[in-house]
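Reading through the structure tokens given below for one structure.
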Amino acid sequence: MYFYQPSQGHGLPHDPLNAIIGPRPIGWIASLDAQGRRNLAPYSFFNCFNYRPPIIGFASSGWKDSVQNIVETKEFVWNLTTRELASAMNETSASLPHGEDEFAVAGLTPAASRFVKAPRVAESPVNFECKLSQGIQLTAADGTPVDTWLVLGEVVGIHIDETLLENGIYQTAKANPVLRAGGPTAYYTISDSHRFDLVRPDAR
């Protein structure tokens, strides 16, 4: 077994933490600043944390525009990244001056949301409209603050392309979602050919 203490470095060509915890869904976060200027950025530290109310969240290494915007406006939109949108998603990861529109840079269409002012990515087949639940600065085990911010949002509206619903059941693989993996460039999609089913013990 290869062993290392993270505080002492991993001694490998690339930190394996991200590769082990993966593939990870991408938090493609749309927001507005206090002046109403659009921002769109992908975050690979993203997931769902609660059913009722539905709460999703992403972590930002450093106080970035997305975090600032969400803290100011108390809302954001998560957009599903598909294989067809992977290149556009990647373009929105560029470090642009504050206020420059990633929608325009990536050639994406902003669409109106129903319950929040932040726009949706019209090309994305699934969008979650979110209201800020919590913004938390992470700390190390000894309580030392870390320059990483966890943003949690309650999902107040969900848009789903109806072609992804079969008999009322969402077809995960059909959406062709993009997932982040290890290394500086690795991504994955999923396929029904890799699907398997398990029945939980309490449901037997």
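Things worth noting here:
- Cross-chain or 6+ apart pairs with Cβ under 8 Å, segment 118-146 first and under 20 Å from Asn50 (Cα atoms), then part of a loop (DSSP other than H, G, I, E, B) and among the polar types (S, T, N, Q): Asn127/Ser113; Glu129/Ser113
- Checked against (1) out of contact with any Gly (no Cβ under 6 Å at 6 or more places or on another chain); (2) closer than 27 Å to Arg38 by Cβ; (3) not aromatic (Phe, Trp, Tyr); (4) not in a loop (DSSP other than H, G, I, E, B), Asp202 meets all criteria but (2).
- Members of segment 173-204 found to be more than 16 Å from the chain's Cα centre (by Cα), within 18 Å of Val126 (Cα to Cα) and at pLDDT 95 or above, listed by number: Ala173, Lys174
- The set of residues from segment 18-41 being more than 17 Å from Phe58 (Cα to Cα), part of a loop (DSSP other than H, G, I, E, B) and in contact with a strand residue (DSSP E or B) (Cβ under 9 Å, 6 or more places away or on another chain) comprises just one member, Asp33.
- Leu80 vs. criteria touching a helix residue (DSSP H, G or I) at 6+ places or on another chain (Cβ under 7 Å), surrounded by 15 or more Cβ atoms within 10 Å (Cβ to Cβ) and not hydroxyl-bearing (Ser, Thr, Tyr): yes
- Yes/no for Ala141 being modelled with pLDDT of 95 or more, in a loop (DSSP other than H, G, I, E, B) and touching a helix residue (DSSP H, G or I) at 6+ places or on another chain (Cβ under 9 Å): no
- Counting the residues of segment 107-127 that are out of contact with any Pro (no Cβ under 8 Å at 6 or more places or on another chain) and either buried (at least 20 other Cβ atoms within 10 Å of the Cβ) or part of a loop (DSSP other than H, G, I, E, B) (or both) gives 12.
- For segment 181-199, a residue qualifies if it is of a type outside the set (S, T, N, Q) and assigned to a loop (DSSP other than H, G, I, E, B), and the qualifying residues are Ala181, Gly182, Gly183, Pro184, Ala186, Ile190, Arg195, Phe196, Asp197, Leu198, Val199.
The values are calculated or read from the model by the stated rules, or taken from the named source; none is laboratory data. Keep in mind that this is a model prediction, so the values were computed, not measured. Cβ coordinates were reconstructed from backbone atoms using ideal geometry, including for glycine residues, and neighbour counts include every protein chain displayed.
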